[in-house]
Every structure is written in C-alpha cells, then in structure tokens.
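The values are calculated or read from the model by the stated rules, or taken from the named source; none is laboratory data. Just so it is clear, the structure is predicted and the values come from calculations on it, not from any experiment. Glycine gets a Cβ as well: all are built from the backbone with ideal geometry, and neighbour counts include every protein chain shown.
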Amino acid sequence: MMLTPARYIVLHKRKAFSSSLSKYKTYSAMSDYAKERKVAIQAVLTASTVCQSVFQHLVANETLTKNDKSPVTVADFSAQAIINTYLQKEFEKDPIVGEEDSKDLQGDAGKALREKVVFLTNGVLGDNEKLTEKQILDAIDRGNYGGGSKGRHWALDPIDGTKGFLRGGQYAVCLALIVDGVVQVGVIGCPNLPVDHKHPEGNRGSLFVAVRGQGAFQRSFTDETEKPIHFSDIQSTEEATFCESVEAAHSSHGDAVEIAKELGITGEPVRMDSQAKYCSIARGDADIYLRLPTSKAYVEKIWDHASGNVLVTEAGGRVTDIDGKPLDFSVGRTLEKNKGVIASKSDIHDKVLKAVQKVLFKP
Ligand SMILES: Nc1ncnc2c1ncn2[C@@H]1O[C@H](COP(=O)(O)O)[C@@H](OP(=O)(O)O)[C@H]1O
Ligand SMILES: [Mg+2]
Ligand SMILES: [Mg+2]
Ligand SMILES: [Mg+2]
C-alpha cells in the first residue's frame with residue numbers, strides 16, 4: 001500500500017510538539033536524570049509510533065541496502081530525525097551518536113525517500129513545529145558525534161533489528177545517555193513485544209527504562225504506570241533459557257549449542273532480533289543473552305548495546321564480553337575494546353562465562 005499524506009496525518013495527529021515537551025521545563029532543577037528519563041521516554045514512544053505506522057504501509061522502494069549490506073528504511077530515518085529533534089530541543093548542547101546519516105537521502109537519487117521521510121517526520125510534529133527538508137536532514141546528521149570518554153552524549157539506534165522490523169518480528173527503538181563513558185539512562189521501545197510474554201496474543205508494545213542506581217522498569221505504550229522488573233529466580237543454569245539473534249551472521253548459533261550443552265541447558269533457544277533480547281532477560285522471560293562473534297573483523301556498535309546494558313545491570317544482571325570484560329562505552333562509536341556479549345543474571349554469570357570460554361577458546 002502506498003504511503004499517502006492523508007493516511008499519515010490521520011495516524012500521527014498528536015498534541016503539539018512544543019506543548020508535549022513544555023511540561024518538562026519544570027524539571028530543569030531536578031537531578032538524578034529525571035528530565036532525561038522523561039524526555040527519552042517521550043521521544044522513544046513518538047518514534048515507535050512512526051515505526052508501527054510505516055510497517056503497516058511499507059512498500060519495497062522504502063528500503064535501502066547500506067554499504068555493509070544491512071537494510072535501512074524510511075522508518076529508521078524518520079525515527080532518528082524525531083528523536084534528535086526532541087533531544088536538541090531539550091538538551092541543546094548534548095551531542096548524539098546515532099546510527100543513521102542523511103547520505104542516502106541527498107540529491108536526485110535520494111529524492112523519493114527523502115520526501116517520505118520529511119512527510120513522516122512532520123506527521124508527528126504539531127502544526128507550529130513543522131520542519132523544513134533541510135532541518136530534517138540536519139536533525140538526522142546531528143547523530144554524527146564520535147563519542148568518547150568525556151562529558152555527556154546520547155547513543156541512538158532509531159530501529160535496532162531492522163531485519164526484524166521488516167519481517168514483522170521484534171525490533172526496538174533504543175536511546176541511552178552516556179556520561180563520562182558510562183551509560184546512565186537507557187530507554188527501549190519494543191512495539192511488537194507482548195506486555196506479558198505469558199500472553200503472546202495480548203497487548204503489544206512494551207517500553208523499558210532504567211537509570212543507573214534507580215532500578216529497571218517496564219510499562220506498556222498506552223499506560224504510563226511503570227512496574228519494576230528483575231531477572232527470573234532460577235537456581236541453576238540447567239533451568240536457564242538463552243536467547244540469541246535470529247541472524248546467524250550476528251551471533252554464532254553453532255557455538256551457542258555447544259555452550260548450552262556445557263551448561264546443561266536442554267530447552268530450545270529463543271531467537272529474536274534487537275535489544276528486545278536484553279529486555280526479555282531483564283524481565284525474566286529468558287535468562288541468558290549470548291552474542292558470539294562470527295568473525296574477527298566485526299566490531300559491535302555502542303547504539304546496539306548501550307540501553308540494554310544499563311537495563312540488565314539495574315534488573316540484577318551482569319554484562320561482559322567473551323573475555324569477561326565489561327563493555328567499554330568510552331572509546332567512540334564502537335565497542336572496539338570488546339568482543340561479543342554475554343548478559344545474564346549476576347550470580348550465574350561466572351559459570352556462563354566459563355562455559356563460553358571453554359567452547360570458544362578451545363585449543
Ligand atoms: N556481523 C555482525 N555481527 C554482529 N552484529 C551485527 C553484524 N552485522 C550487523 N550487526 C548488528 O546487529 C544488529 C541487530 O542485532 P540483532 O541480530 O541482535 O537483531 C544490527 O543493528 P540494526 O538492525 O540497528 O542495523 C547491526 O548493527
Ligand atoms: Mg542498521
Ligand atoms: Mg542496531
Ligand atoms: Mg538500527
């Protein structure tokens with residue numbers, strides 16, 4: 001089905017952008033990242049709405065293949081434009097490490113896609129807040145910061161698990177605040193994740209939020225009530241369920257089978273795209289997230305892990321790489337000091353790590 005202006009205006013008619021943010025002004029004196037938390041939730045929810053609508057109306061020519069052969073859609077660009085616009089409005093000085101840039105939207109070649117992105121982005125902004133084409137492209141490119149160990153910056157993955165998004169599976173809108181190289185705030189919107197995994201046919205659209213030292217929480221997209229989440233209370237690794245990428249190119253499924261054997265795990269792995277995996281273990285649907293390198297060359301990106309990292313930590317878990325080192329978010333746009341990711345409940349982590357190393361480092 002084609003993307004028509006009328007359809008999107010109806011779908012995205014929302015309160016004026018400015019008025020939806022003005023109430024946060026009163027939080028400016030608050031500490032403990034209260035304002036950051038609120039703005040990030042609002043930005044992620046708005047961007048998630050765009051993704052949901054795009055999925056319903058996506059047509060083939062709204063997807064591009066990037067140089068690294070990964071897909072990107074109009075929704076990825078619009079979600080990044082929307083979130084970066086929110087961030088600029090409320091935290092003008094904060095730089096942003098965002099996955100996307102406007103290169104593929106420039107010039108004649110990018111015209112058709114660009115017009116859709118402009119249309120979609122303006123669809124969620126209030127009447128007095130509409131942005132010009134240039135403002136939208138500039139907003140996307142505000143995500144070009146190099147990252148590092150000093151000061152504040154945001155890490156944004158406008159759609160994590162774009163392949164999951166395209167196949168109607170799991171995907172996540174992920175936004176995190178990193179301060180002096182440490183993730184302090186993480187928000188993850190999972191439009192297709194059931195609010196209660198025991199009722200997969202029930203309400204979908206789960207939002208996760210964590211601030212370092214303040215616990216981990218979940219709410220639905222439609223109800224602001226937050227409930228604390230934590231890891232399941234399994235007593236041994238034999239009882240554990242692990243989750244991994246759907247894409248075998250992103251995490252070695254073969255190595256995971258051997259690791260599961262080492263840990264006495266007999267259940268099938270849960271495969272899902274995106275940081276929804278971090279969310280699933282943090283609320284106890286599964287217990288271990290393995291991301292096992294498939295090549296020596298691939299370097300993980302900070303936006304693929306920042307939000308999930310603080311969420312899992314605050315829910316009672318631990319995240320390391322396959323060497324047992326914490327993920328180092330202070331070295332730029334990538335996790336170049338780390339290899340692979342293992343996330344699990346803190347008290348089984350050493351055991352999981354040992355099994356991973358036994359399988360991956362065998363002579
Ligand atoms: N060879 C590889 N190894 C690990 N991760 C990879 C990879 N190639 C791409 N990715 C990353 O894997 C992410 C999806 O992870 P998952 O498999 O857990 O859904 C992609 O995010 P995007 O979808 O945001 O591009 C991309 O950044
Ligand atoms: Mg991508
Ligand atoms: Mg990603
Ligand atoms: Mg992405």
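Worth pointing out:
- Test: residue in segment 296-307 that is touching a helix residue (DSSP H, G or I) at 6+ places or on another chain (Cβ under 6 Å) and surrounded by 18 or more Cβ atoms within 10 Å (Cβ to Cβ): no
- Answer residue from segment 137-169, given it is within 21 Å of the chain's Cα centre (by Cα) and among the aliphatic types (A, V, I, L, M) and is farthest from Met272 (Cα to Cα) among those: Ala139
- Among the candidates Val173, Val182, the residue that is at pLDDT 95 or above, closer than 26 Å to Arg333 by Cα and within 16 Å of ligand 2 (Cβ to nearest atom) is uniquely Val173.
- Each residue in segment 141-164 was checked for being within 16 Å of ligand 3 (Cβ to nearest atom) and closer than 16 Å to Asp76 by Cβ, and 11 pass.
- Odd one out for Pro269, checked against (1) within 24 Å of the chain's Cα centre (by Cα); (2) surrounded by 17 or more Cβ atoms within 10 Å (Cβ to Cβ); (3) in contact (Cβ under 8 Å) with a residue 60 or more places away in the chain; (4) not assigned by TED's automatic domain parsing to the domain that holds Ser48: (3)
- Among the residues of segment 243-261, those identified as in contact with a strand residue (DSSP E or B) (Cβ under 8 Å, 6 or more places away or on another chain) and closer than 14 Å to Lys351 by Cα are Ile259, Ala260.
- Inspection of segment 142-159 identifies at least one residue that is over 20 Å from Glu92 (Cα atoms) and not in a helix (DSSP H, G or I).
- Among the numbered conditions (1) aliphatic (A, V, I, L, M); (2) within 19 Å of Thr63 (Cβ to Cβ); (3) within 16 Å of ligand 4 (Cβ to nearest atom), the only one that Ala112 does not meet is (3).
- Checking each residue in segment 217-256 for being in contact with a Pro (Cβ under 6 Å, 6 or more places away or on another chain) and without any contact (Cβ under 8 Å) to a residue 12 or more places away in the chain picks out no residue at all.
- Restricting Gly215, Gly205 to those that are in contact with a strand residue (DSSP E or B) (Cβ under 9 Å, 6 or more places away or on another chain) and under 29 Å from Lys69 (Cα atoms) reduces the list to Gly205.
- The single condition among (1) touching a Pro at 6+ places or on another chain (Cβ under 9 Å); (2) surrounded by 15 or more Cβ atoms within 10 Å (Cβ to Cβ); (3) farther than 26 Å from Lys35 by Cα that Glu201 does not satisfy is (2).
- Which listed residue is of a type outside the set (D, E, K, R), in contact with an Asp or Glu (Cβ under 8 Å, 6 or more places away or on another chain) and touching a residue at least 24 places away in the same chain (Cβ under 8 Å), from Ile178, Ile136, Ile159: Ile159
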